Amino acid sequence: MFTGIVEEMGVVQVFERQKRSARLSILAKRVLEDLAIGDSITINGVCLTVTGKTDKELTTDVSFETLTVTNLGDFKTGDAVNLERAVRVNSRLGGHLVTGHIDGVGMIRDRRQEEDAWLLTIEIPKDLLRYCIKKGSIAVDGISLTINQVTDREIQVAVIPHTAKATTLGLKGVGTTVNLECDLIGKYLERLLLERGSDAPPQKVDREYLKRRGLI
């Protein structure tokens with residue numbers, strides 16, 4: 001389990017495509033301090049297992065399934081990546097609960113500055129929109145962010161100066177892709193409702209109340 005609080009940006013040293021999978025080596029520093037072979041780490045929000053380590057880099061294997069559902073297959077030597085080690089049970093949960101299991105890939109459609117923050121408009125797969133609510137959480141390339149607005153195809157998030165400096169979102173422009181992981185709680189609630197034989201709550205929804213609360 002992760003929090004979506006990126007610890008450092010690493011650099012892709014090797015991305016070696018194999019027949020159906022790939023091998024990935026990342027230059028890093030801070031995350032290597034207590035990292036062991038077999039540990040989990042997120043790379044741009046994707047949970048991977050550390051298969052090798054030196055004092056300057058870590059190595060992971062990337063499965064065919066991961067290459068299919070994420071943007072890791074686009075990696076090139078020299079690319080910056082977001083890194084986060086698994087959370088400790090005695091640590092503060094600074095972001096939100098993130099599993100590192102990517103739901104889909106989005107694309108940045110607009111990027112504009114408002115005062116000291118960057119507003120990013122991200123087009124996301126239509127089937128993920130039902131998990132997005134105003135003021136809800138989403139992980140974008142492994143970064144815990146709050147959703148400002150939701151439309152029928154896009155979400156908008158704000159990136160503060162610290163996040164822009166400490167993560168790859170400060171480098172990504174219009175037309176680039178991002179890995180998306182929707183809030184875990186919404187997915188569990190949907191599953192429970194479907195198990196009851198309905199995809200809607202059992203009682204009538206007060207739409208005016210939801211609007212006032214900014215939930216729709």
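Miscellaneous remarks
- Residue within the stretch 170-185 that is in a helix (DSSP H, G or I), open to solvent by less than 70 Å² (accessible area, probe 1.4 Å), of a type outside the set (Gly, Ala, Ser) and touching a Ser or Thr at 6+ places or on another chain (Cβ under 8 Å) present: yes
- Note on the stretch 95-106: residues that are open to solvent by less than 60 Å² (accessible area, probe 1.4 Å) and either of a type in the set (Phe, Trp, Tyr) or part of a loop (DSSP other than H, G, I, E, B) (or both) total 6.
- Tally, over the stretch 134-143, of residues that are surrounded by fewer than 24 Cβ atoms within 10 Å (Cβ to Cβ) and in a strand (DSSP E or B): 1
- Count of residues meeting criterion [out of contact with any Leu (no Cβ under 6 Å at 6 or more places or on another chain) and modelled with pLDDT of 95 or more] in the stretch 174-192: 8
- Every residue from the stretch 43-95 that is under 18 Å from the mean Cα position of the chain (by Cα) and on the phi > 0 side of the Ramachandran plot: 44, 45
- Filtering the stretch 107-120 for residues that are open to solvent by less than 40 Å² (accessible area, probe 1.4 Å) and not hydrophobic (A, V, I, L, M, F, W, C) leaves an empty set.
- Note on the stretch 149-169: among residues that are part of a helix (DSSP H, G or I) and polar (S, T, N, Q), the one that is least open to solvent (accessible area, probe 1.4 Å) is 168.
- Listed here are the strands (runs of 3 or more DSSP E) enclosed by the stretch 1-78 that have at least 1 residues being out of contact with any Phe, Trp or Tyr (no Cβ under 9 Å at 6 or more places or on another chain), open to solvent by 60 Å² or more (accessible area, probe 1.4 Å) and modelled with pLDDT of 95 or more: 8-17, 22-27, 46-53, 57-62.
- Conditions (1) open to solvent by less than 70 Å² (accessible area, probe 1.4 Å); (2) closer than 24 Å to residue 72 by Cα; number of the one not met by residue 127: (1)
- Checked against (1) assigned to a strand (DSSP E or B); (2) in contact with a helix residue (DSSP H, G or I) (Cβ under 7 Å, 6 or more places away or on another chain); (3) farther than 20 Å from residue 145 by Cβ, residue 81 passes all but a single condition, namely (3).
The values are calculated or read from the model by the stated rules, or taken from the named source; none is laboratory data. This is a predicted model, so every value here is computed, not measured. Glycine also receives a Cβ, built like all others from the backbone with ideal geometry; neighbour counts cover every protein chain displayed. Ligands, DNA and RNA are excluded from the accessible area calculation, which covers all protein heavy atoms including side chains. Shrake-Rupley method; radii C 1.70, N 1.55, O 1.52, S 1.80 Å.
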